[in-house]
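Values in this text are rule-based calculations from the coordinates and carry no lab data. Given the structure is predicted, the values throughout are model-derived calculations rather than measurements. All Cβ positions, even for glycine, are placed from backbone atoms using ideal geometry, and neighbour counts span all protein chains on display.
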Amino acid sequence: MSVKSPYDVITNLLITEKSALLAEQQKYAFKVSPRASKAEIAAAVETIYGVKVVSVNLMNYHGKPKRAGRSPIVGRRANWKKAVVTLAEGAIELA
């Protein structure tokens, strides 16, 4: 089953110290749908931001175990996927 809308593929733009350094090299980090492929992510970024994508690198992150207060019950944060997208030219406005 493929993801339909570009806004379903791209969850949000990740703004961290590392992603700020990558932005100088025309690379931007996004939190994306765990079911999205590289081709779907590239098409979504091109549609939403109007830029040309050169490559997409993906990383899967496993959710960490967490407790709520002093409760002995351990829950878990959600698993998520990060995409680092390299652009040919232009930049994404971070505002």
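For the chain, the longest principal axis of the alpha carbon atoms and the long axis of helix 38-49 meet at an angle near 70°.
Exposure here means at most 14 other Cβ atoms within 10 Å; with trypsin sites (Lys or Arg not before Pro) in a DSSP loop as sites, the longest stretch of the chain lacking them is 5-34. Both radii are taken from the alpha-carbon atoms of segment 1-71; with Rh as the Kirkwood radius, Rg/Rh is 1.06. By the rule of a C-alpha distance below 19 Å, with chain neighbours fewer than 8 residues away ignored, the aspartates and glutamates paired with Lys31 are Asp8, Glu17, Glu40, Glu46, Glu93.
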